[in-house]
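Each reported figure results from applying straightforward, stated rules to the coordinates on display, with no laboratory input. Everything numeric here is computed off the predicted structure, so don't read it as measured data. Positions of Cβ are backbone-derived with ideal geometry, glycine not excepted, and every protein chain shown enters the neighbour counts.
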Amino acid sequence: MPGEKSETVVYTKQLETTPELLPNNEVFRIKIGQKLFEISGATLNSDAPNFFTQFFNMHDKNTILFIDRSEDVFIIIYRHLQGYFPEIKDEVNFSSLFTDALYFQLPKLVKIIKEYDYHFTNIGGVSFKVPKSLFHEEGNRLNYFEMISRTFYEEIEKWEAHKKSVFPPLLPPSYIARPPEFFRDILSLLGGAELELSERRTASLIKECRYYRFNRLEQELVKAKVIYNPLTNCQEICIALNNVSKNGVTIERLTTPYTENQPLAVGSCPNKNGGEKTATGIDKTETDLGGNDDSEPPTKKVKHSIERHWSMLKYRRPYIDTVSQDLIFQLHSNQCKIIFNKKNKTVHVDLSREAAELFENKFSDVLLETPEFNVDLSEYKVKLRDSQMQVESHLIIPACVSICDLMVNGAKCSNIFSLVNDSKCKERVLDCTNLKVLNCVHGLKLHLSKSMWKLGTNDGRIILVAVKAETFSGTKEYCKMIDFL
């Protein structure tokens, strides 16, 4: 009726679980910024005790509570108090909502935000809503986002325990100055998608995975090949040395150690009889089978027997492999040389600069810290002058090339030892038989452009076994390898 006073009646369903810190049917007025909210006691009690219930328990219900905070953020909080699930749009919204949930002391809302199913971040100016479910696999869980969140929540716990400040710790919106297009690919891969990626794109994604600490995905992107070797009845893994994780490197222990002090001659690797193979691959210790014409001729010894006398390094990719496999590592650097000593019939590999540093970084710990072997790579180090007369450190390691698929100057080389033993082979090379007293002798030096190796150790010694190699011998041959732009 006109002229009659109207009365606002608030109806709320009574629930035994609602803490009645304020009268459910009373309306309380709260002004946030420039907007006035009229909220029932039941609504304020839905996430109590909180800032509002404490205030209105101490003040008259007709008092208007003014708080200088964001009204847009409070609308989300108001809907939460009404029982709606908070919808968070982006990293700015997440940061503001979490800060105000702490400020207003809303325990349920803080818990909801902490356990939210998404991470909110901005990568290179693009907002991302990242499902936490993508990180369920071991190796991807403790990533950049989880660590940042964990660190901040620890600060929150300290603030709640001491309350030295009225305002909670600042949570700035997450911004990462990285390429957003790479992050999109990472999310797709984490979600199980298969992408056609170039080598350059893959290399970039590996770098991004390392930044975000997606360790399992990084290993999945690393180019590696697992093959079965029917001669050793073992699985082998081929991988670039720079992609090897040194924590995954182990040494296979021999059941019957081979300790005979045997020289590593050109073209000769230790065989199962303790003998030596010549350049033709025939065992020197083979015996004549007699004059029986009906007997079968002796078969040629298979040139993989070196692995029976050396403990070969194995590798297990973190988060990917369950067992270790024989390691074949690839060197892309041309800072590697094979030195053939014509006089002493020895072969050595000379690693310098980044190649030497990489080799030492990956293998020094496992070689030195394995008690049965205890190999110190510093014993294989020498100081040499380069072409600019600068002194640099080199690693010079005994090698075997008998089983190697070798290319020299772009041509297949089935018998490198014939080149070494040729009378025309009078190149002066480093005599590596005694690293404490370095001299020069006649021999052959080949520069490596690409190569694959196995590494073995026994009785305090190590050996590099060449599996596949592309080499060049001089400046003219090097120039042939350079492509036009």
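Some points to look at:
- Taken over segment 27-162, the convex hull of the Cα atoms encloses 124 Å³ per residue.
- Net dipole in debye of segment 177-222 [+1 Lys, Arg Cβ; -1 Asp, Glu Cβ; about Cα centre; nearest 20]: 260
- Under 5 Å, built H, 5+ apart or other chain: amide partners of Ser40: Phe28
- Placing a pseudo-label 7 Å from each Cα along the Cα-to-Cβ vector at Lys114 and Gln235 gives an inter-label distance of 4.1 nm.
- Tensor-based shape of segment 177-222 (alpha-carbon gyration tensor, a/c under 1.5 rounded, otherwise prolate or oblate): rounded
- Each residue in Ile239, Ile112 was given a count of other beta-carbon atoms within 10 angstrom of its own, and listing them fewest first yields Ile112, Ile239.
- Rounded to 0.05, the FRET efficiency of the Leu419 and Met389 pair, given R0 = 45 Å and the Cβ-Cβ distance, is 0.90.
- Inter-site label distance for Met481 and Glu137 at 7 Å from Cα along Cβ, in nm: 3.5
- The amide H of Val408, built 1.01 Å from its N in the peptide plane, has Cys413, Thr471 as neighbours under 5 Å, considering only residues 5 or more places off or on other chains.
- Once the chain from Leu438 to Ala203 is taken as fully extended at 0.36 nm per residue, the excess over their C-alpha distance is 80.6 nm.
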